[in-house]
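Just below is one structure, and these are the notes that go with it.
The values are calculated or read from the model by the stated rules, or taken from the named source; none is laboratory data. Since we're looking at a predicted model, the values are computed, not measured. Cβ sites come from the backbone with ideal geometry, for glycine too, and all protein chains shown count toward neighbours.
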Amino acid sequence: MTSEISLRIKGACTFFSRLGGWFGRTSEEQGVWLYPCRIIHTIGMKQALNLLWIDAQGNMVREDLNVAANQIRVCWKAASVFEVASEDVVRYRALREYFTKGDARD
């Protein structure tokens with residue numbers, strides 16, 4: 001039996017949409033995809049985030065788990081980053097599995 005997991009991600013590809021980042025998403029969106037992006041901050045955040053860093057070829061290059069408020073994270077190898085609330089473990093694992101299995105490149 002296979003189960004599907006729904007994950008609604010807000011894409012942020014302009015300066016202003018990336019600037020809004022996590023705060024710019026709607027209540028239906030469980031995550032944010034910032035691209036291009038190599039640096040994020042959690043200044044002013046009320047919840048921890050899980051970060052999945054992706055390179056230009058669609059490979060996962062790093063993950064940062066439970067990044068608390070008022071932190072800065074940098075990943076020079078990345079071209080983009082996904083932000084998902086750290087308490088949303090099931091959806092984060094599904095996103096991570098998608099990139100580690102190579103589905104994103106098929």
**Message:** Among the numbered criteria (1) among the basic types (Lys, Arg); (2) out of contact with any Gly (no Cβ under 8 Å at 6 or more places or on another chain); (3) in a helix (DSSP H, G or I), which one does ARG91 miss?
**Reply:** (2)
**Complete:** Checked GLN57, GLN47 against criteria (farther than 13 Å from TRP22 by Cβ, of a type in the set (S, T, N, Q), surrounded by fewer than 16 Cβ atoms within 10 Å (Cβ to Cβ) and at pLDDT below 95); the one match is GLN57
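Every residue, every condition in (1) of a type in the set (S, T, N, Q); (2) assigned to a loop (DSSP other than H, G, I, E, B), yes or no:
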{"residue": "TRP33", "(1), (2)": "no, no"}
{"residue": "CYS37", "(1), (2)": "no, yes"}
{"residue": "ILE40", "(1), (2)": "no, no"}
{"residue": "GLY44", "(1), (2)": "no, yes"}
{"residue": "ASN50", "(1), (2)": "yes, no"}
{"residue": "TRP53", "(1), (2)": "no, no"}
{"residue": "ALA56", "(1), (2)": "no, yes"}
{"residue": "LEU65", "(1), (2)": "no, no"}
{"residue": "ASN70", "(1), (2)": "yes, yes"}
**Subset of region 65-91 (residues that are acidic (Asp, Glu) and surrounded by fewer than 20 Cβ atoms within 10 Å (Cβ to Cβ))** = GLU87, ASP88
**Message:** Just checking, does region 19-28 include any residue being buried (at least 17 other Cβ atoms within 10 Å of the Cβ) and either part of a loop (DSSP other than H, G, I, E, B) or among the basic types (Lys, Arg) (or both)?
**Reply:** yes
**Request:** Working carefully through the options ARG91, ARG96, ARG73, find the one that is at pLDDT 95 or above, at negative phi and out of contact with any Lys or Arg (no Cβ under 8 Å at 6 or more places or on another chain).
**Result:** ARG73
